[in-house]
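Participant: Just dropping this structure here.
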Protein chains: 2
Amino acid sequence: METKIAIAALAALAQETRLAVFRYLVEAGPQGVTVGRIGEALDVAPATLSFHLKELSRAGLITSRQESRFIWYSANYESMNALIAYLTDNCCQGQACGVAGAAQAKPKSTRRKTAAARKKRPSR
Amino acid sequence: METKIAIAALAALAQETRLAVFRYLVEAGPQGVTVGRIGEALDVAPATLSFHLKELSRAGLITSRQESRFIWYSANYESMNALIAYLTDNCCQGQACGVAGAAQAKPKSTRRKTAAARKKRPSR
DNA sequence: TCCATAATTCGATATTTATGGAAATGTAAG
DNA sequence: CTTACATTTCCATAAATATCGAATTATGGA
C-alpha cells in the first residue's frame, strides 16, 4: 500500500462518526446496510451521513450497491487489511509489531530504507 | 485500546509530515533522534515540526527525553502495537484481518457486540 | 555575564473539515 | 402523472488544522 493511500484511509477512520460507521458496517457483514439504517442506528443526520459515507468511499474503505430505492453500503475488508499491513510493515521496522514484547534493538532491517536521512550533527 | 485513543492515534498519523516523522523515528530505533535532525532529514521548519511533534506526543505515539540542549524523540512502539490491535479487533470482526484471504461470511463473532443497533426497516 | 544554539510558543493566516437545513435527484408505486 | 420516500447535492457556517516568521525560553560554553 502506498503512503498516500494509507493517509487517506487513516484520515477517513480518524473521525468519531466515520469510525463508528465503519465498525457498524464491519459488524454488519459483507451484505451491508442501507443508509437509512445506518443513520437510525448511529443517529446521524442524512446530509452528514452522506458526507461521511462519501469520505469513507473515497478512501476505499467501503463500497456501495444500489438496490431499488436503497443503497447498501458495506465494509471493504481488503483495504482494511492493506492498511493494517502498511502499518505493520512501515511503522514497526520489522519488529513484528502485532506480537507481544516488541520494541528494542532493531535487528538489521531487511526492509527498504528511505535513505534520504542521515546527515550531520549530532552524531548520536 | 479505547476508541477515543485510537481516533487520536489515527488522526496523528493521518498527516503526511507526521507520518513521515513517525516512520523516521521508527527507523531510527529506540534511542531516538533530536528535533534538529528530524527537521533536516525531512525538511520541515522548526515551528511546524514542533507543532507536529506535539501532536504525535499528545496521541501517545512518541516520547521525548531531554539531554543537555537537545531533545530526543523516539517512537512509542507499544502504542502503535495497541493501535494495530484495535484495528484488528474492532474493524475486522474476528476475521483475522492481517491474514491473507480474509473477508467473507463472518464466522460467528466470538467478540463483543455493540448491541445498540438493529432496529426497523428494511428487514434486510 | 554574555553569546550562540536547540527547541518551543505566539500570533496571523490560509485551508480543510464537519454539520445540517433545504432543495434536487432517483426510483417505485398508486 | 402524482405522490412518497431514500439518498445525495448545495450552501452557509462553525470549528479544527497546518504553516511559518518572529519572539521567547532553556542550556551550555567562552
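Participant: Looking at this structure, is B:L87 within 17 Å of the chain's Cα centre (by Cα) and modelled with pLDDT of 95 or more?
Facilitator: Answer is yes for this residue.
Participant: While we're on this one: Applying the selection to the stretch A:19-30, what residues are facing another protein chain (nearest Cβ under 7 Å) and not charged (D, E, K, R)?
Facilitator: If the condition is that a residue be facing another protein chain (nearest Cβ under 7 Å) and not charged (D, E, K, R), then A:L19, A:F22, A:Y24, A:V26, A:G29, A:P30 are the ones that fit.
Participant: Of all residues in the stretch B:1-11, which are within 15 Å of A:L83 (Cα to Cα) and more than 8 Å from chain A (Cβ to nearest Cβ)?
Facilitator: Matches in the stretch B:1-11: B:A9 only.
Participant: Which of (1) open to solvent by 40 Å² or more (accessible area, probe 1.4 Å); (2) more than 9 Å from chain A (Cβ to nearest Cβ); (3) more than 10 Å from DNA strand C (Cβ to nearest atom); (4) at pLDDT 95 or above does B:K108 not meet, given it meets every other one?
Facilitator: Every condition holds for B:K108 apart from (4).
Participant: Can you tell me which residues in the stretch A:10-23 are more than 10 Å from DNA strand C (Cβ to nearest atom) and open to solvent by 10 Å² or more (accessible area, probe 1.4 Å)?
Facilitator: Within the stretch A:10-23, A:A20, A:R23 meet the criteria.
Participant: Condition check: at pLDDT 95 or above, open to solvent by 70 Å² or more (accessible area, probe 1.4 Å) and under 22 Å from B:A6 (Cβ atoms). Does A:E27 satisfy that?
Facilitator: For A:E27, the condition - at pLDDT 95 or above, open to solvent by 70 Å² or more (accessible area, probe 1.4 Å) and under 22 Å from B:A6 (Cβ atoms) - is not met.
Participant: Still on this model: Mind counting the residues in the stretch B:49-70 that are within 20 Å of B:A8 (Cβ to Cβ) and open to solvent by 20 Å² or more (accessible area, probe 1.4 Å)?
Facilitator: Matching residues across the stretch B:49-70 total 9.
Participant: Checking the structure you have, find out if any residue of the stretch B:77-88 is touching a helix residue (DSSP H, G or I) at 6+ places or on another chain (Cβ under 9 Å), part of a strand (DSSP E or B) and more than 16 Å from DNA strand D (Cβ to nearest atom).
Facilitator: no
Participant: Output the number of the condition that A:C91 fails; it satisfies all remaining conditions of (1) open to solvent by less than 30 Å² (accessible area, probe 1.4 Å); (2) near DNA strand D (Cβ under 9 Å from one of its atoms); (3) free of Cβ contacts under 8 Å to residues at least 24 places away in the same chain.
Facilitator: Every listed condition holds for A:C91 apart from (2).
The values are calculated or read from the model by the stated rules, or taken from the named source; none is laboratory data. Being a predicted model, the structure only gives us computed values, none of them experimental. Glycine gets a Cβ as well: all are built from the backbone with ideal geometry, and neighbour counts include every protein chain shown. We work out accessible area using only protein heavy atoms, side chains counted, and drop any ligands, DNA or RNA first. Shrake-Rupley method; radii C 1.70, N 1.55, O 1.52, S 1.80 Å.
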